[in-house]
């Protein structure tokens, strides 16, 4: 199965990676350079339009699949653009190609269009496992948990037992059954070494999210002992955990060579600011240059990153407005934390109440965040007090 062999569940971390030498400008001729790629970027897949056109006629689905996986794991936006160009060139309407188109749209945050294509696939094949699992994953990202669970339940082929269990556990972890989900995930993690790498990564990332929200140091140590430290999603998860427990120098050590990835750069800046590192200002300016380029292009897929930047730049009102916009599209843990933090920083009782209502309605579990919302005050490292108390109890 094409799609189940890719990383499923947390597939929206397609991260822009272009550092700039100067503020953006509009070129007046073809010889002007608008931006340059980082020196450690992977080599380009195509050198000309003819290369791209030739590729679309040969193993197009395989090439697009590889490009989408590269975009996700390496945070390379060129790979996403190349995949989209290939798929736009193709007239193939097979389910395999439709799945790839849905993935590309999902990666570009065009969720409505992605869901339309997935519905088209399910109209042709109601039991199509890739479409069911991808649609469930997309609905989880949007916080539509009941609908997401319906699609998990339809994965009833015995050969899909691991995927169904992970699908259900992910939703349970977000809807009031975090302890139960952690037990299921521990069982799945014991199978991970015998699974394909992308499925194992999916399970580990769900575990990392569960560890973060439950301030579970033991689980975090278990996950980060086995998860890779090279792919962007894994680095994000590790950095989020370290930031939540105040291990800022470890974040700097982890991410200082990954400034070409926006989501990682933002986490690096946060750690540098907490440590009083003078490099924080230069990196904040670098992030601003990238945002200027997104705005110049009219790109809409970076709202979370723009809100994170505004928060770091102490533009609290702008950060809240952007977090509100992001909330309409995404409701993963990072989005909930971002919205809560900006609401508290801006002292917006209305937005605090919206988040608390969401937590009440879904039974979303993140005790330290909920406590911050109740108090209207958020600590520099959200899980510091909780993890210190847990460690003291164990000693």
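The values are calculated or read from the model by the stated rules, or taken from the named source; none is laboratory data. Since this is a predicted model, take the numbers as computed values, not measurements. Cβ coordinates were reconstructed from backbone atoms using ideal geometry, including for glycine residues, and neighbour counts include every protein chain displayed.
Condition test on residue 124, is it in contact (Cβ under 8 Å) with a residue 24 or more places away in the chain, over 27 Å from residue 301 (Cβ atoms) and touching a helix residue (DSSP H, G or I) at 6+ places or on another chain (Cβ under 7 Å)?
Details: in contact (Cβ under 8 Å) with a residue 24 or more places away in the chain: yes; over 27 Å from residue 301 (Cβ atoms): yes; touching a helix residue (DSSP H, G or I) at 6+ places or on another chain (Cβ under 7 Å): yes.
The answer is yes for residue 124.
Please tell me if residue 250 is modelled with pLDDT of 95 or more and either in contact with a strand residue (DSSP E or B) (Cβ under 9 Å, 6 or more places away or on another chain) or surrounded by fewer than 23 Cβ atoms within 10 Å (Cβ to Cβ) (or both).
Against the criterion (modelled with pLDDT of 95 or more and either in contact with a strand residue (DSSP E or B) (Cβ under 9 Å, 6 or more places away or on another chain) or surrounded by fewer than 23 Cβ atoms within 10 Å (Cβ to Cβ) (or both)), residue 250 qualifies.
Restricting to segment 180-219, name every residue that is without any contact (Cβ under 8 Å) to a residue 24 or more places away in the chain and within 24 Å of residue 143 (Cβ to Cβ).
Matches in segment 180-219: 180, 183, 184.
So residue 144 ticks every box in (1) under 18 Å from residue 106 (Cβ atoms); (2) touching a helix residue (DSSP H, G or I) at 6+ places or on another chain (Cβ under 8 Å) but one. Which box is left unticked?
Failed condition: (2).
Pick from 119, 127, 104, 64: which is over 30 Å from residue 257 (Cα atoms), part of a helix (DSSP H, G or I) and modelled with pLDDT of 70 or more?
On the way: 127 fails: part of a helix (DSSP H, G or I); 104 fails: over 30 Å from residue 257 (Cα atoms); 64 fails: over 30 Å from residue 257 (Cα atoms).
Exactly one of 119, 127, 104, 64 is over 30 Å from residue 257 (Cα atoms), part of a helix (DSSP H, G or I) and modelled with pLDDT of 70 or more, namely 119.
Could you say which residue among 271, 310, 323, 301 is in contact with a helix residue (DSSP H, G or I) (Cβ under 9 Å, 6 or more places away or on another chain) and surrounded by fewer than 19 Cβ atoms within 10 Å (Cβ to Cβ)? Walk me through it before giving the result.
Details: 271 fails: surrounded by fewer than 19 Cβ atoms within 10 Å (Cβ to Cβ); 310 fails: surrounded by fewer than 19 Cβ atoms within 10 Å (Cβ to Cβ); 323 fails: surrounded by fewer than 19 Cβ atoms within 10 Å (Cβ to Cβ).
Sole residue among the options that is in contact with a helix residue (DSSP H, G or I) (Cβ under 9 Å, 6 or more places away or on another chain) and surrounded by fewer than 19 Cβ atoms within 10 Å (Cβ to Cβ): 301.
For segment 355-366, enumerate the residues that are part of a helix (DSSP H, G or I) and surrounded by 19 or more Cβ atoms within 10 Å (Cβ to Cβ). Full working, then the answer.
First pass over segment 355-366, keeping only residues part of a helix (DSSP H, G or I): 355-362.
Matches in segment 355-366: 355 only.
Since residue 293 meets every condition but one in (1) in contact (Cβ under 8 Å) with a residue 60 or more places away in the chain; (2) more than 22 Å from residue 336 (Cα to Cα); (3) part of a loop (DSSP other than H, G, I, E, B), which condition does it not meet?
Every listed condition holds for residue 293 apart from (3).
Show the residue pairs meeting these rules: Cβ distance below 7 Å; 6+ apart or different chains; first residue within segment 85-97 and at positive phi and at pLDDT 70 or above; second residue surrounded by fewer than 17 Cβ atoms within 10 Å (Cβ to Cβ) and assigned to a helix (DSSP H, G or I).
Note: no pairs meet the criteria.
Among the residues of segment 129-144, how many are surrounded by fewer than 21 Cβ atoms within 10 Å (Cβ to Cβ) and under 21 Å from residue 161 (Cβ atoms)?
So the count comes out to 1.
Mind counting the residues in segment 367-395 that are assigned to a helix (DSSP H, G or I), in contact with a helix residue (DSSP H, G or I) (Cβ under 9 Å, 6 or more places away or on another chain), modelled with pLDDT under 95 and within 19 Å of residue 243 (Cβ to Cβ)?
Matching residues across segment 367-395 total 6.
Can you tell me which residues in segment 206-234 are surrounded by fewer than 22 Cβ atoms within 10 Å (Cβ to Cβ) and either on the phi > 0 side of the Ramachandran plot or part of a helix (DSSP H, G or I) (or both)?
Within segment 206-234, 217, 218, 219, 221, 222, 224, 225, 226, 234 qualify.
Looking for something outside any helix (DSSP H, G or I), surrounded by fewer than 23 Cβ atoms within 10 Å (Cβ to Cβ) and under 17 Å from the mean Cα position of the chain (by Cα) - is there at least one such residue anywhere in segment 331-354? Working first, answer last.
First, the residues of segment 331-354 that are outside any helix (DSSP H, G or I): 331-332, 346-348.
Next cut, surrounded by fewer than 23 Cβ atoms within 10 Å (Cβ to Cβ) only: 331-332, 346-348.
Okay, now just the ones that are also under 17 Å from the mean Cα position of the chain (by Cα), so 331-332.
Within segment 331-354, one or more residues are outside any helix (DSSP H, G or I), surrounded by fewer than 23 Cβ atoms within 10 Å (Cβ to Cβ) and under 17 Å from the mean Cα position of the chain (by Cα).
Which one of these is in contact (Cβ under 8 Å) with a residue 60 or more places away in the chain and over 20 Å from residue 242 (Cα atoms): 320, 286? Reasoning before the result, please.
On the way: 320 fails: in contact (Cβ under 8 Å) with a residue 60 or more places away in the chain.
The unique qualifying residue is 286.
Give the residues of segment 253-280 that are under 20 Å from the mean Cα position of the chain (by Cα) and in a helix (DSSP H, G or I), sorted by residue number.
Hits for segment 253-280 are 254, 255, 262, 263, 264, 265, 266, 267, 268, 269, 270, 271.
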